[in-house]
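Asks: Below is one structure. I have some questions about it.
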C-alpha cells in the first residue's frame, strides 16, 4: 500500500531518504519517473541516496501505474516519489490515491513560490486546484518535522 | 598626442614593421580613438611628416625614417609599400645581378677590402673575360663613395693596361704624369691619372699586361703613396688612391711575385656557368629590357631561342651573352611588326646556332614564344629550389608545432614537391646536361622499377632530370642553404625514415645511384624531396605500417622472389634478405635485426622464410609493438598470395590461413602477437549511448593533468551481442567496462558507476589504473570524480546559482567541517552533503523571507556541531547572503551521523 505519494524534483535525496522513510515506516521506495529511466547517472545518484534497510524500485510512469494497479506492490509499505505535479496527478487519478505531499519543485522563470521549497507554474496551479476539488488532500510539507500546510491556503 | 603618434610610427618603421602602422593598430596601442588618430594622421600627411601607403588597410611611413635611411620619395601617397621602395634608383651593388646569391661572397670581400682602415687595401679581381670585373670595380667605388669611405670628390679612374702593351713608357707617363719636355710630344705638364684618382679609385684592368718597368714605380707608390712625375726625379708627389687590379689570367702564373705580395686580396669572380640558371635569366632580362628601351618596342623570342641563350656554352660569359642578345636583336630588326620584335632561331649568332644544331637531331622553331617581361617571373625572389626547400621545412615546422595529422602533413609536402616538379616540366629546359641526367634517371628508375614495382612516366623522369640539373646549377646556393638548415633537415629526414620506411628505402636507393652516377652530394633535404616524391607515386599509405621480407638461402633466391612478386603486384611490398648457404641462425637473426632497425616503426611484420624452425627466428628479433607473422616454404606464388593480402589490407591471420588453404602444402605459420594496444576505459550504459557519453566526459574531466587515458563508448546492446568481437577490443586494450549493468564478460572487469563514486580510491577500480597513475594521482582522480558527479546532479537541481562555483565553495566548507568534527566523511556522505547543501543554499536564496522553526533542543544538545557548521560555512553564507537555519542543521547532522 502507498504510505506516501510525494512530489520532489530531486526525487530521492537525503531529506526524503532518511526522515520520510522513518516517519511513514516505509520498507520500499518507488521512484516513478520517465526521465530517470533514460539517465544512468541520475539513477546512480538515487541509488546513492537510498537509506539502508529499504528496497528501491525505479520505474517509468507507465510501469509504475501498472505495478500499483496490479497489486504486486500491495505487500510493501510504499513511499512513492514522482518528479512533477503532473506525474503526481496521473498517479492520483489512475491509481486512486487521495493524499499528496508536495516536497519540492524547481524554481524557474514561470513559477511562483508558494512555500520554502515549492514553486509552481500557472498550469500546475490549475492541476492542484483540480486535485483539491476532486477530493485529494494536498499538503505542503518538506520534512516530517515541518507542520503540514494545506495547499488550498496558498493557491 | 601628435608626438606620441609620430614616435610610434617611427619606432615601427625602424623595426621594419610597416604593416603595424594602421589606424586600427595605432588606436589600439596608444589608446586613442580611431577618429582622432585618423584626423591626426591625415594632418601629418599634409604636413609632409608622414607618407600614406594606400594598401588595405592604409598604413603610414615616417618621413623622418625615410630621410634617415636616405630613401628618396616624391609623393606623399603611394599605392603600395613596394611602389615606394622599388621606385628607388638602385644604388651601387644593388645593380649587380646575383649580389645576394652567387656574388654575395664577392661583394662582401670587395666591401671589406675597399673600406679596410685607414685607406683600404689593394685588391685583385680575377675571372674570365666578360664576367663583370670592371662593373664590380666600378660598383665597389660607388659603394665606397655612398658609404663615405672615400670622399665625394674622389674619382673612378680606369686604365686598361693591355692598350699600352706595346708602349709601357706611355702608360707610365699617363699614370704618374710628366713634365713638359719629358719626352717627345710632352708639350705641357700632365699631372697623370694617379693624381686624378686622388681620394678615389684607380682601376688597372688587364694588369698582367703591366710591364715590369712600370711596376717598380707603382710598388713605391703602393708602399708609400709617393711618386715622381716622368721627367722630374726631384719632386715627390702624393696621392691617396685605392687600387683595384683585374686580370683574366691566373695571377700566380702571370703576375710578378713582388706585385702579388703587395695585393693582399684576390677575389675570384665566377663565370657564367657558375652563376646558375636563375641569375642567367635575370641577366638575360636585364640585357633584353635595355634593348627594348633602346629599340622602343616589345621583344619576344621563341622558346628555342630562349633555351639556346640559357643553355649554350659562352666562353665570353656575360659579355658574350650581351653581344649575343644584341646580335639577335639586330638580326631580327627588320622583322619588327607593330612595335613587336620577334626573335627566331635564325637570328641567333652563328656559334650559338651551331651548338643548338649539334645538340638536337631535329630543330623546329614552331613552339611558344616568351616575352621579355615574362622572364622576370622566372628569377624574381628566392631561387625556386630554395623556395621549395623553405616550404618543405616550414610545413614540417607547422606539423611539429600544431600536431596536425601525419597524412595531412605528407599530403601538403607532396603537393609542394609535385608543384615544383610540374613547374620544372612546364619550363622544360632543353640541354645536353638535362639529356645526360635524363638518361641516367631512366636507367636508375629501370632498376628501381624492377626492384620495387615503382612505375614512373617519361615526363616524371624528365622532371627529376631537371631537378638534378637545378641542383647542379644552384649548387653554391643549395650548399649554403643546407648548411644553415642542416639540423632541421636531418630531423625531418629522421621522421620520414621512422614513419615511411618504404618510401625512404626507395629514395635512399635512388640517391645512392644518383650519387655514384653524378658524383653529387645528396643532402638530406634532397632525400626528403625524393621521399615526398616517391610517396606521391606510390599513393598508398596503408602499407606504411606493414613490412614484408623474404628470407631465403642462396645467392639471390630471396631477391628473385621479392623482385618477381613486387613486379607482379606492381607495387613495392617485399624486401629481400639473401642468406649464404651455410649460415647459422644467430647470424641470420642478426641480419634480420639490422633490417628491422632500418625500417623503423611497423605494426605488422611478415616473414617469409624458406626453411628452418620458425620459433628460432622470431624469438631473437628486436621488434616491439608489432605482430610478427612468419611462414615457411616460401615461393613466388606464396609471396604473391601474401603480397596481395597485404596490398588489400587483409588482416594478418586470415592472410596466412588463406595462403595455407590455397596451397595445401605442408607448411606452417605462426603469429607472434607483440603489438601493444592502447589502454582504454570502455563506458557502456544500459540506458543508452547518451549516458555513456556523459560518463566518458565526466571521466575525462576527472583525469589529473598529464594522464591521457582514452575513454571509449559502446552501445550496451552491441556489447552484449558481440562481446569481445566488437572492434574496440580488437583495437584497444580495454582495462575495464564502466557502466550500470554488468555485461558479464570474461576477463574484462566491470565497474559499476556507483562503485566508482562511492568507494574511496575505488577498491577494484584502483588496480586497473595503477599502471597509469600513482597514488597521489589516483586520490585526485577519485576526488575529481566525486566532484564532477555531484556537479552533474546539482546542475539538474539548481536554477539560479552557478552550480560549479557553488559546489566548489560548499566542497571547501565541507573539507573544513571534516577537520573541525575530526571525522573523514565517506564519498557517499560527501556526495549527499554536496547536493543537499547546494540545493539548500539556492532554496534559501530564492525564498529569503521564509520562516524557520528554531530547534532549541537540538541547539542545546549539539552546540559544538552547530558552531562547527557556522564557522565552516561562514564564507558561503556571507557570499550568498543567507543564514543556514537551525532546523537545517539537523539534516546536516543526520548526514554526518550516518556517515
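The values are calculated or read from the model by the stated rules, or taken from the named source; none is laboratory data. For clarity, every value in this text was computed on a predicted model and none was experimentally measured. Heads up, the Cβs are rebuilt from the backbone with ideal geometry, glycines too, and the neighbour counts pull from every protein chain shown.
Asks: Against the definition (under 19 Å from residue B:879 (Cα atoms) and either assigned to a loop (DSSP other than H, G, I, E, B) or away from every other protein chain (no Cβ under 11 Å) (or both)), how does residue B:806 come out, yes or no?
Replies: Values: under 19 Å from residue B:879 (Cα atoms): yes; either assigned to a loop (DSSP other than H, G, I, E, B) or away from every other protein chain (no Cβ under 11 Å) (or both): yes.
So residue B:806 passes the test.
Asks: Would you point out the residue of segment B:869-888, among those that are away from chain A (no Cβ under 12 Å) and over 60 Å from the mean Cα position of the chain (by Cα), that is surrounded by the most Cβ atoms within 10 Å (Cβ to Cβ)?
Replies: If we filter segment B:869-888 for residues that are away from chain A (no Cβ under 12 Å), which is where we start, we get B:869-884.
This time we only want the ones that are over 60 Å from the mean Cα position of the chain (by Cα), so: B:869-871, B:882-884.
Working: B:869: 26, B:870: 14, B:871: 13, B:882: 17, B:883: 13, B:884: 19.
Here the residue is B:869.
Asks: A further question follows. Are any of the residues in segment B:45-52 surrounded by 13 or more Cβ atoms within 10 Å (Cβ to Cβ), in a helix (DSSP H, G or I) and at pLDDT 80 or above?
Replies: Checking segment B:45-52: at least one residue is surrounded by 13 or more Cβ atoms within 10 Å (Cβ to Cβ), in a helix (DSSP H, G or I) and at pLDDT 80 or above.
Asks: Collect the residues in segment A:35-46 that are more than 8 Å from chain B (Cβ to nearest Cβ) and either touching a strand residue (DSSP E or B) at 6+ places or on another chain (Cβ under 8 Å) or in a loop (DSSP other than H, G, I, E, B) (or both), keeping them in residue-number order. I'd like the intermediate steps shown before the answer.
Replies: Here is the first cut: in segment A:35-46, the residues more than 8 Å from chain B (Cβ to nearest Cβ) are A:35-36, A:46.
Hits for segment A:35-46 are A:36, A:46.
Asks: Here's something else I'd like to know. Considering only segment B:44-65, state which residues are out of contact with any strand residue (DSSP E or B) (no Cβ under 7 Å at 6 or more places or on another chain), more than 17 Å from residue B:84 (Cα to Cα) and touching a residue at least 24 places away in the same chain (Cβ under 8 Å). First the steps, then the outcome.
Replies: As a first pass, look at segment B:44-65 and keep what is out of contact with any strand residue (DSSP E or B) (no Cβ under 7 Å at 6 or more places or on another chain): B:46-49, B:55-57, B:64-65.
From what's left, more than 17 Å from residue B:84 (Cα to Cα): B:46-47.
Listed by number, the list holds a single entry, B:46.
Asks: Among the listed residues B:609, B:602, which satisfies the condition of being at pLDDT below 80 and in contact with a helix residue (DSSP H, G or I) (Cβ under 8 Å, 6 or more places away or on another chain)?
Replies: Result: B:602 is the single residue among B:609, B:602 that is at pLDDT below 80 and in contact with a helix residue (DSSP H, G or I) (Cβ under 8 Å, 6 or more places away or on another chain).
Asks: Applying the selection to segment A:128-149, what residues are more than 14 Å from chain B (Cβ to nearest Cβ), surrounded by fewer than 17 Cβ atoms within 10 Å (Cβ to Cβ) and part of a loop (DSSP other than H, G, I, E, B)?
Replies: Result: A:134, A:135.
Asks: Exactly one of (1) surrounded by fewer than 17 Cβ atoms within 10 Å (Cβ to Cβ); (2) within 11 Å of chain A (Cβ to nearest Cβ); (3) outside any loop (DSSP other than H, G, I, E, B) is unmet by residue B:819. Its number?
Replies: Status for residue B:819: all satisfied but (2).
Asks: Can you confirm whether segment A:47-55 contains a residue that is free of Cβ contacts under 8 Å to residues at least 40 places away in the same chain, touching a strand residue (DSSP E or B) at 6+ places or on another chain (Cβ under 9 Å), away from chain B (no Cβ under 12 Å) and closer than 22 Å to residue B:752 by Cβ?
Replies: Taking every residue of segment A:47-55 in turn, at least one turns out to be free of Cβ contacts under 8 Å to residues at least 40 places away in the same chain, touching a strand residue (DSSP E or B) at 6+ places or on another chain (Cβ under 9 Å), away from chain B (no Cβ under 12 Å) and closer than 22 Å to residue B:752 by Cβ.
Asks: Restricting attention to segment B:324-362, report how many residues are in a loop (DSSP other than H, G, I, E, B) and surrounded by fewer than 17 Cβ atoms within 10 Å (Cβ to Cβ). Let's see the steps before the verdict.
Replies: First pass over segment B:324-362, keeping only residues in a loop (DSSP other than H, G, I, E, B): B:336, B:338-339, B:344, B:348-349, B:360-362.
Now restrict to residues that are surrounded by fewer than 17 Cβ atoms within 10 Å (Cβ to Cβ): B:336, B:338-339, B:360-362.
Summing the residues that are in a loop (DSSP other than H, G, I, E, B) and surrounded by fewer than 17 Cβ atoms within 10 Å (Cβ to Cβ) in segment B:324-362 gives 6.
Asks: Within segment B:240-323, considering only strands (runs of 3 or more DSSP E) that don't extend past its boundaries, which have at least 2 residues that are at pLDDT 85 or above and surrounded by 19 or more Cβ atoms within 10 Å (Cβ to Cβ)? It would help to see each step written out before you state the result.
Replies: On the way: elements: B:242-247, B:265-268, B:298-302.
Per the criteria, B:242-247, B:298-302.
Asks: For segment B:732-745, which residues satisfy the criterion of being within 22 Å of residue B:700 (Cβ to Cβ), away from chain A (no Cβ under 13 Å) and either free of Cβ contacts under 8 Å to residues at least 12 places away in the same chain or not in a strand (DSSP E or B) (or both)?
Replies: Within segment B:732-745, B:743 is the sole residue that qualifies.
Asks: Hey, could you check segment B:547-598 for residues that are within 37 Å of the chain's Cα centre (by Cα) and part of a loop (DSSP other than H, G, I, E, B) and say which is surrounded by the most Cβ atoms within 10 Å (Cβ to Cβ)?
Replies: Checking each candidate, the answer is B:573.
Asks: Is it the case that segment B:789-797 has a residue that's at pLDDT 85 or above, in contact with a helix residue (DSSP H, G or I) (Cβ under 9 Å, 6 or more places away or on another chain), within 13 Å of chain A (Cβ to nearest Cβ) and under 30 Å from residue B:724 (Cα atoms)?
Replies: The answer is yes, given that some residue of segment B:789-797 is at pLDDT 85 or above, in contact with a helix residue (DSSP H, G or I) (Cβ under 9 Å, 6 or more places away or on another chain), within 13 Å of chain A (Cβ to nearest Cβ) and under 30 Å from residue B:724 (Cα atoms).
Asks: Is one or more of the residues making up segment A:59-69 part of a loop (DSSP other than H, G, I, E, B) and within 13 Å of another protein chain (Cβ to nearest Cβ)? Working first, answer last.
Replies: Looking only at segment A:59-69, we keep the residues that are part of a loop (DSSP other than H, G, I, E, B), and these are A:60.
Checking the rest, the ones that are also within 13 Å of another protein chain (Cβ to nearest Cβ) come to A:60.
Taking every residue of segment A:59-69 in turn, at least one turns out to be part of a loop (DSSP other than H, G, I, E, B) and within 13 Å of another protein chain (Cβ to nearest Cβ).
Asks: If we scan segment B:822-840, do we find a residue that is part of a helix (DSSP H, G or I), surrounded by fewer than 18 Cβ atoms within 10 Å (Cβ to Cβ) and out of contact with any strand residue (DSSP E or B) (no Cβ under 7 Å at 6 or more places or on another chain)? Even if it seems obvious, please write down each step before you answer.
Replies: Pass one, segment B:822-840, residues part of a helix (DSSP H, G or I): B:827-840.
Subset that is surrounded by fewer than 18 Cβ atoms within 10 Å (Cβ to Cβ): none.
No, that holds for no residue.
Asks: Only residues that are modelled with pLDDT of 75 or more, crowded, with 16+ Cβ neighbours inside 10 Å and more than 14 Å from chain A (Cβ to nearest Cβ): list them for segment B:746-767, please.
Replies: Of all residues in segment B:746-767, those modelled with pLDDT of 75 or more come to B:746-757.
Right, trim to crowded, with 16+ Cβ neighbours inside 10 Å and you get B:748, B:750-754, B:756-757.
Within segment B:746-767, B:748 is the sole residue that qualifies.
Asks: Residues of segment A:16-34 being surrounded by fewer than 22 Cβ atoms within 10 Å (Cβ to Cβ) and within 14 Å of chain B (Cβ to nearest Cβ), which ones?
Replies: Those that are surrounded by fewer than 22 Cβ atoms within 10 Å (Cβ to Cβ) and within 14 Å of chain B (Cβ to nearest Cβ): A:18, A:19, A:22, A:23, A:34.
Asks: Considering A:125, A:89, A:94, which residue is away from every other protein chain (no Cβ under 12 Å) and out of contact with any helix residue (DSSP H, G or I) (no Cβ under 8 Å at 6 or more places or on another chain)?
Replies: Values: A:89 fails: out of contact with any helix residue (DSSP H, G or I) (no Cβ under 8 Å at 6 or more places or on another chain); A:94 fails: out of contact with any helix residue (DSSP H, G or I) (no Cβ under 8 Å at 6 or more places or on another chain).
Among A:125, A:89, A:94, only A:125 is away from every other protein chain (no Cβ under 12 Å) and out of contact with any helix residue (DSSP H, G or I) (no Cβ under 8 Å at 6 or more places or on another chain).
Matching residues to (1) touching a strand residue (DSSP E or B) at 6+ places or on another chain (Cβ under 9 Å); (2) part of a loop (DSSP other than H, G, I, E, B):
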| site | (1), (2) |
| --- | --- |
| B:137 | yes, no |
| B:140 | yes, no |
| B:143 | no, no |
| B:154 | yes, yes |
| B:162 | yes, no |
| B:170 | no, no |
| B:175 | yes, no |
| B:185 | no, yes |
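Asks: Specify which of the listed residues (B:866, B:845) is within 14 Å of chain A (Cβ to nearest Cβ) and either over 20 Å from residue B:816 (Cβ atoms) or in a helix (DSSP H, G or I) (or both).
Replies: Details: B:866 fails: within 14 Å of chain A (Cβ to nearest Cβ).
After applying the criteria, what remains is B:845.
Asks: If you go through segment A:70-86, how many residues are assigned to a helix (DSSP H, G or I) and either within 14 Å of another protein chain (Cβ to nearest Cβ) or within 30 Å of residue A:129 (Cβ to Cβ) (or both)?
Replies: Keep residues of segment A:70-86 that are assigned to a helix (DSSP H, G or I), which gives A:70, A:85-86.
If we keep only those that are either within 14 Å of another protein chain (Cβ to nearest Cβ) or within 30 Å of residue A:129 (Cβ to Cβ) (or both) too, we end up with A:85-86.
Total satisfying the criteria: 2.
Asks: Now for a different question. Inside segment A:1-15, can you point out the residues that are touching a helix residue (DSSP H, G or I) at 6+ places or on another chain (Cβ under 9 Å) and either facing another protein chain (nearest Cβ under 9 Å) or more than 18 Å from residue B:754 (Cα to Cα) (or both)?
Replies: Restricting attention to segment A:1-15, the residues satisfying the condition of being touching a helix residue (DSSP H, G or I) at 6+ places or on another chain (Cβ under 9 Å) are A:2-15.
Scanning segment A:1-15 gives A:2, A:3, A:4, A:5, A:6, A:7, A:8, A:9, A:10, A:13, A:14, A:15.
Asks: In segment B:696-725, how many are more than 9 Å from residue B:684 (Cα to Cα) and either touching a helix residue (DSSP H, G or I) at 6+ places or on another chain (Cβ under 6 Å) or within 14 Å of chain A (Cβ to nearest Cβ) (or both)?
Replies: Of the residues in segment B:696-725, 8 are more than 9 Å from residue B:684 (Cα to Cα) and either touching a helix residue (DSSP H, G or I) at 6+ places or on another chain (Cβ under 6 Å) or within 14 Å of chain A (Cβ to nearest Cβ) (or both).
Asks: Please list, ordered by first then second residue, the pairs with beta carbon atoms under 6 Å, 6 or more apart or interchain, first in segment A:14-29 and closer than 18 Å to residue B:898 by Cα, second part of a helix (DSSP H, G or I) and at pLDDT 85 or above.
Replies: A:14/B:832; A:14/B:836
Asks: A follow-up question, please. Outside the structural domain of residue B:732 (by TED's automatic domain parsing), out of contact with any strand residue (DSSP E or B) (no Cβ under 6 Å at 6 or more places or on another chain) and modelled with pLDDT of 80 or more: is that true of residue B:576 in this structure? If you could, list the steps in order and put the result at the bottom.
Replies: Details: outside the structural domain of residue B:732 (by TED's automatic domain parsing): yes; out of contact with any strand residue (DSSP E or B) (no Cβ under 6 Å at 6 or more places or on another chain): no; modelled with pLDDT of 80 or more: yes.
No: the conditions fail for residue B:576.
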